[in-house]
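Before any comments, here is the structure.
The values are calculated or read from the model by the stated rules, or taken from the named source; none is laboratory data. These numbers were taken from a predicted model, which means no experiment stands behind them. Glycine gets a Cβ as well: all are built from the backbone with ideal geometry, and neighbour counts include every protein chain shown.
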Amino acid sequence: MPDSSSAPLRRRSLFKVAGLGAVGAAGLPFAAACSDIQTGEGSTQATEGFDFLPEYKEWPLPAEPDLVGDPPNHPSGFTSYPEPVEAVTEVPSNSGTYEITVPFWGEAPSNDDPYFAALRDAWGGTTVNLRQADGNTYADTSVQWLNANEYGDGILLFSWMLGSHTNFPETVVNSFYDLTDILKGDISGRWPLLAGLPTQSWAQSVWSTDASDPESARLYGIPSTFSGGPGNALFTRVDLMEAAGIAMPTTVEELLEACREWSDDANGKWAFGGVDWILPQLFGLVGDEGWSWDDEQGKLVNDCEKPEFTEMLEFRRTLWDEKLIHPDAPTGTLDNGALQIAGTTLFSQENPVRWYDYTTKVRDGQAEGAIVPVPPIGAKGRKPTLKASTSVDGWTFLNKDLSKEQVEELLDVANWCSAPYGTKENELLEYGVEGEHFEYDAGGNPVHTEHGQKIVQAPVNLKQYSGKVQRFLTGIPEVVQAHFEFNALCQEFIVPSIFEGVRIEAPAASKSASQTLNDQQNDIAFGRAELSTIPDMVQTFLDNGGEEARTFYTDIYKSLNEQ
Amino acid sequence: MATLQSEAPPTTARTPNARIVKRKRSAAQRLRHDWPLLVLALPVIVQLALFFYWPSAWNIIAFMDYSPHRPFWENPFVGFAWFERLFNDPYFVPALLNTLKFAAAHLLFLFPLSVVLALVMHSVVSTKVRSTFQSIVYLPYFFSWVLVVTVFVQVLGADGLVSNWLMSLGGDRLTFTSNPDTFLVLAWMQWAWKDAGWGMIIFLAALASINPSLYEAAAVDGANRWRRMWHITLPGIRPVIILLLILQIGGILSVGFEQYQLQRNAIGYQATEVLDTYVYYRSVIGTEGASFGTAAGLFKGAIGLVLILAANKVAHRLGEQGIYQKS
């Protein structure tokens, strides 16, 4: 992907975006109403139009992808494995030892595994020990680590984790190393792969020391890979559907019928184990942070104010009343993946990564059949809508207490980790050591061994330490092909963000109100409250932070679109 | 009758009108005299200072718009603004009411259960039966709440043991573990299983201190089992009952956290939200910040202090020692 001038951003001048600094920082009317408390009043940060970022210099790809898409929402893919080439020809000679905090889900790999020793030797001698923490609670506990400055020399945060922080801009500028002076301008000499990262990636790694002053913007994070396209999908066990004679649904109404055909409560079969976060987009509820512009009303409206919101809750309630969802679904602790493998549930809401994971399990004899995503579907004859997030996956932030030399050493590692698919560096990082963590199959594709799955494939490790020059679909060829085609199918249904080019931290009151609204939705969905209470719960949301949020987001929207 | 008592010491050394004059010792003399006691107390003082008094001093952030990234005294004082926000939050009062409801239920329905269990246990003569029963009742106290809730879901849940058995008989699933209307009963069952044994052990220890000869004497005088319990056992453990009652009243707003948080999704927030979970969701993992959570914690502490002092006062009025000796 070349640089930052992507289509969705061209409609606005940089001046407009830069002018956002004042919105939310100090001048919002509702902020003054909350006595002297300024914490949690919300903030905005422009993510484009900076002149202090690393200068983009294309890093030529070593191999052309077999399937050429339109990144970032439709990434290209490899269905064959290219002969890997060396990306970093001049390996630095370093000797520092650092500790980076990263999340893990499942089993944390030991730092003593040969995988990490091989990485250390390959990228020039820097020892990076992982301080691994449970991914399920990582976002919330990271708040305390950062406040106490107890996260080692760096921390990996995924972009979805920022919502757990009350005032993340303040945390960033006070806790993390300001990379601006080191990375400004032409860095292609020492870090050619970092120079090859999309300018958008770097622009999204900027925070301002003073939110009301756009001039105070600085570069604080090493961006992870720039991604786009549908991040979630509704997957179904296609083999079970065929066996039961159920056709792939093409509308929400057909989906409900499929659920009724499949489910058999008395015999322990249900359509869903959980359905809460995939369902809104099936009903067209794809507002940014819940908000979208309504031309008729001439204002921003929240998803919960739309009639489709009631339709969605009616659907969820039907699932519960007709016993089409697992009876323990309210606990929120079901292992939906395991239930789907066991054939207890038919559908699951998943990240597409699950597609590859399931297919691997089938190959290894740990699962049967196959899963595929349900194509985009809409309700009541409406056109389907999809949400896509075109942004960096996250950032590695370095501790402000490091010296410049130490930061440069860690950037050496980041440069090495940015090598894309088709390089030896990427092969070692993503697959490990041949013979120990992976083997080549008959088609010449690297396949993780059982040990490799535990140590390299499953954990986050350092695979997200810095972004790849370009993201590709890679892995099991037939899944890559199908995934590529699914992405192509989705393109026309993707609804662009109305707040493109700006990172928003919502006011605390609206976040709290949203949390309560979510709890109340579950009350209705699981039969603890009646559908007739929806107007009351919407009003409660609006009275306790929703209206404040509307003012806040409207200011941003107008700043972006009406100047 | 011969007596073993010796003669009282002669008092002739003191003149009849002599006043007993206590010599006032200087601080240095007292230090020299009592230093071993002070050394013994030192670890406790250090522990209290480090882990109780110093953290307690930080409650002051409830009156500040606090950020850990600013020098402490640069955080602006905002008076009672956080308390105002707390009391204006429409979800605070329901959480407070839930807390009081669970506390009252705990006090009324679990506390007496522990006493009854202890009395039953005390009346069992067979040591073997007694130790077996004691172990069974006491063991769940060491289980974590995660395990307790899991066991209840596995047994009484919609997809649990009993539900599946009922389904096999053509019945319907139980909704006991996801029904907000019956959550209080479920919570009581969980307390009873997990905590009643612990309370029982404390009362058993108190029962052991009652002189058995009192029972023998009462039996000889013709007192039946109930009269022995009423006139000997219960008065014997009354100081312990009062002490535990006062302590429990002081912590009345601390009804626990894990039990409610773990079942929040299944039961719904309206039935399970207590002050501790409210603070957790609003402040710890929510977005209201540390000052808001501290204000809620301070409110809880202040109420607890008032209640414990009131209960102690009542205990003194009833002639009991309470949590401290009335001077």
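Quick rundown of the values:
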| read-out | value |
| --- | --- |
| For B:GLY322: the one exception among (1) over 26 Å from B:ALA105 (Cβ atoms); (2) buried (at least 17 other Cβ atoms within 10 Å of the Cβ); (3) away from chain A (no Cβ under 14 Å) | (1) |
| Residue that is farthest from the other protein chains (Cβ to nearest Cβ) [pool: residues in region B:287-319 that are among the small types (Gly, Ala, Ser) and farther than 20 Å from B:ASN98 by Cα] | B:GLY319 |
| Residue that is farthest from the other protein chains (Cβ to nearest Cβ), among those in region A:487-511 that are buried (at least 23 other Cβ atoms within 10 Å of the Cβ) and small (Gly, Ala, Ser) | A:GLY501 |
| Members of region A:315-336 that are part of a helix (DSSP H, G or I) and within 13 Å of chain B (Cβ to nearest Cβ) | A:TRP320, A:ASP321, A:ALA329, A:PRO330, A:THR331 |
| Residue in region B:110-131 that is farther than 24 Å from B:TRP226 by Cβ and touching a residue at least 60 places away in the same chain (Cβ under 8 Å) present | no |
| Enumerated helices (runs of 4 or more DSSP H) restricted to region B:107-212, each holding at least 1 residues that are within 14 Å of chain A (Cβ to nearest Cβ) and out of contact with any strand residue (DSSP E or B) (no Cβ under 6 Å at 6 or more places or on another chain) | B:145-156, B:161-168, B:183-208 |
| Condition met for A:ARG354 (away from every other protein chain (no Cβ under 14 Å), assigned to a helix (DSSP H, G or I), among the basic types (Lys, Arg) and in contact with a helix residue (DSSP H, G or I) (Cβ under 8 Å, 6 or more places away or on another chain)) | yes |
| Odd one out for A:LEU462 among (1) assigned to a loop (DSSP other than H, G, I, E, B); (2) away from every other protein chain (no Cβ under 14 Å); (3) over 26 Å from A:TRP105 (Cα atoms) | (3) |
| A:GLY106 being part of a loop (DSSP other than H, G, I, E, B), in the same structural domain as A:GLY185 (by TED's automatic domain parsing), at pLDDT 50 or above and within 30 Å of A:TRP145 (Cα to Cα) | yes |
| Residue in region A:338-350 that is buried (at least 18 other Cβ atoms within 10 Å of the Cβ), within 12 Å of another protein chain (Cβ to nearest Cβ) and aliphatic (A, V, I, L, M) present | yes |
| Region A:262-314: number of residues that are among the polar types (S, T, N, Q), assigned to a helix (DSSP H, G or I) and buried (at least 18 other Cβ atoms within 10 Å of the Cβ) | 1 |
| A:PHE484, sole failed condition from (1) away from chain B (no Cβ under 14 Å); (2) among the aromatic types (Phe, Trp, Tyr); (3) in contact with a Phe, Trp or Tyr (Cβ under 9 Å, 6 or more places away or on another chain) | (3) |
| Checking A:LEU398 against (1) away from every other protein chain (no Cβ under 14 Å); (2) surrounded by fewer than 22 Cβ atoms within 10 Å (Cβ to Cβ), the condition it does not meet | (2) |
| Unmet requirement for A:ALA529, which otherwise passes all of (1) within 13 Å of another protein chain (Cβ to nearest Cβ); (2) within 28 Å of the chain's Cα centre (by Cα); (3) not in a helix (DSSP H, G or I) | (2) |
| Selection status of A:ASN544, over 21 Å from A:PHE315 (Cα atoms) and out of contact with any Phe, Trp or Tyr (no Cβ under 6 Å at 6 or more places or on another chain) | yes |
| Members of region A:532-555 found to be within 11 Å of another protein chain (Cβ to nearest Cβ) and more than 21 Å from A:GLU311 (Cα to Cα), listed by number | A:ASP543, A:ASN544, A:GLY545 |
| Cβ-Cβ under 8 Å pairs, at least 6 apart or on other chains, region A:420-441 side without any contact (Cβ under 8 Å) to a residue 40 or more places away in the chain and of a type in the set (A, V, I, L, M, F, W, C), far side surrounded by 20 or more Cβ atoms within 10 Å (Cβ to Cβ) and part of a helix (DSSP H, G or I) | A:PHE438/A:TYR431; A:PHE438/A:GLY452; A:PHE438/A:VAL456 |
| From A:ASN167, A:ASN147, A:ASN136, A:ASN174, residue being within 14 Å of another protein chain (Cβ to nearest Cβ) and closer than 29 Å to A:ASP112 by Cα | A:ASN136 |
| Search result, residues across region A:222-259 that are modelled with pLDDT of 95 or more, outside any loop (DSSP other than H, G, I, E, B) and more than 21 Å from A:GLY369 (Cα to Cα) | A:ILE222, A:PRO223, A:THR251, A:VAL252, A:GLU253, A:GLU254, A:LEU256, A:GLU257 |
| Test set (1) at pLDDT below 90; (2) exposed (fewer than 15 other Cβ atoms within 10 Å of the Cβ) - B:SER213 fails condition number | (1) |
